[in-house]
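Working notes for the structure below.
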Amino acid sequence: MRVLVIEDEAKVASFIRRALEEESYAVDVCDDGAKGLDLGQNGSYDLIILDLMLPGLPGIEVLKGLRKEKVQTPVLILTARSQVEQKVRGLDAGADDYLTKPFAIEELLARARALFRRGVGEVTGILQVDDLVLNPATREVTRGGQRIELTAKEYALLEYLMRHAGRVLTRPMIVEHVWNMDFDSFTNVIDVYVNYLRNKIDRGRERKLIQTVRGSGYVLRAV
Ligand code: CA
């Protein structure tokens, strides 16, 4: 697994590099946005970790440039606590996940692993989070190898959650993507369906994949 780290703060960059190398990933570090875009377009990376505040070219432009060139490598963006707007713009521009500085290195490693799994899965079209596997071609869902029967709406909700694993999905986002309707009066329906899904996916299992984010929505992620 090859990782490109685009980060101009030398201390942060070497901290990330060391941690990733300890996990046996191959790591390239770049301290300039323009150079980073070039590397990201031409190198074959499995993950790009991208700081948003960069000399040369702002991180958001690096990201847009990569997606414009159809580089599908998962991108994890790093933002400062105060940059809520940047975070949203980053996700809108095609980032797969974000971390707010300062972060714990364990969290960065966990997110990197989740993004690798997704990146690998997408080559075959199969989505996998932890031991939960969804095959969009056959609409078959298994957890730990056991087949799980879902209704059409449950399936649509699960596929949406899995395609955006690790990201918090708000109720309005879920309504728009799964029900294709406006949010008004739908909030209870989502909670009901999430509960149906939980019963089938998580009940009786040690690792609960569907998590509630209080005041925001839901996230499906490996724990
Ligand atoms: Ca920076």
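The values are calculated or read from the model by the stated rules, or taken from the named source; none is laboratory data. These numbers were taken from a predicted model, which means no experiment stands behind them. Positions of Cβ are backbone-derived with ideal geometry, glycine not excepted, and every protein chain shown enters the neighbour counts. The protein model used for the area step is the full one, side chains on, heavy atoms only, and it has no ligands, DNA or RNA in it. Shrake-Rupley method; radii C 1.70, N 1.55, O 1.52, S 1.80 Å.
Residue-by-condition table, conditions (1) within 16 Å of residue 9 (Cα to Cα); (2) touching a residue at least 40 places away in the same chain (Cβ under 8 Å); (3) assigned to a helix (DSSP H, G or I); (4) within 13 Å of the ligand (Cβ to nearest atom):
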{"site": "41", "(1), (2), (3), (4)": "no, no, yes, no"}
{"site": "45", "(1), (2), (3), (4)": "no, yes, no, no"}
{"site": "55", "(1), (2), (3), (4)": "yes, yes, no, yes"}
{"site": "62", "(1), (2), (3), (4)": "no, yes, yes, yes"}
{"site": "71", "(1), (2), (3), (4)": "no, no, no, no"}
{"site": "94", "(1), (2), (3), (4)": "no, no, no, no"}
{"site": "98", "(1), (2), (3), (4)": "no, no, no, no"}
{"site": "111", "(1), (2), (3), (4)": "no, yes, yes, no"}
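If we scan region 152-159, do we find a residue that is in a strand (DSSP E or B), touching a residue at least 24 places away in the same chain (Cβ under 8 Å) and not assigned by TED's automatic domain parsing to the domain that holds residue 91? Show your work before the answer.
Within region 152-159, the first condition is being in a strand (DSSP E or B), and the residues that meet it are none.
The answer is no; no qualifying residue exists.
Would you confirm whether any residue within region 112-125 is over 13 Å from residue 165 (Cβ atoms), touching a Ser or Thr at 6+ places or on another chain (Cβ under 6 Å) and at pLDDT below 90?
no
Conditions (1) open to solvent by less than 80 Å² (accessible area, probe 1.4 Å); (2) part of a strand (DSSP E or B); (3) outside the structural domain of residue 146 (by TED's automatic domain parsing); (4) at pLDDT 90 or above, marked per residue:
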| residue | (1), (2), (3), (4) |
| --- | --- |
| 173 | yes, no, no, no |
| 177 | no, no, no, no |
| 182 | no, no, no, no |
| 185 | no, no, no, no |
| 189 | yes, no, no, no |
| 194 | yes, no, no, yes |
| 200 | yes, no, no, yes |
| 203 | no, no, no, yes |
| 206 | no, no, no, yes |
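Take the conditions on the phi < 0 side of the Ramachandran plot, surrounded by fewer than 16 Cβ atoms within 10 Å (Cβ to Cβ), of a type in the set (Ser, Thr, Tyr) and touching a helix residue (DSSP H, G or I) at 6+ places or on another chain (Cβ under 9 Å) and apply them to residue 73. Does it pass?
Judged against the criteria, residue 73 is not a match.
Can you report the number of residues in region 40-52 which are out of contact with any Leu (no Cβ under 6 Å at 6 or more places or on another chain) and open to solvent by 10 Å² or more (accessible area, probe 1.4 Å)?
Counting residues in region 40-52 that are out of contact with any Leu (no Cβ under 6 Å at 6 or more places or on another chain) and open to solvent by 10 Å² or more (accessible area, probe 1.4 Å) gives 5.
Does residue 87 fit the bill of being more than 10 Å from residue 6 (Cα to Cα), within 16 Å of the ligand (Cβ to nearest atom) and open to solvent by 20 Å² or more (accessible area, probe 1.4 Å)?
yes
Exactly one condition in (1) open to solvent by 10 Å² or more (accessible area, probe 1.4 Å); (2) hydroxyl-bearing (Ser, Thr, Tyr); (3) without any contact (Cβ under 8 Å) to a residue 40 or more places away in the chain; (4) touching a Gly at 6+ places or on another chain (Cβ under 8 Å) is false for residue 24; which is it?
All conditions pass for residue 24, except number (4).
Residue 36 passes all but one of (1) open to solvent by 20 Å² or more (accessible area, probe 1.4 Å); (2) within 16 Å of the ligand (Cβ to nearest atom); (3) not hydrophobic (A, V, I, L, M, F, W, C); which number fails?
(1)
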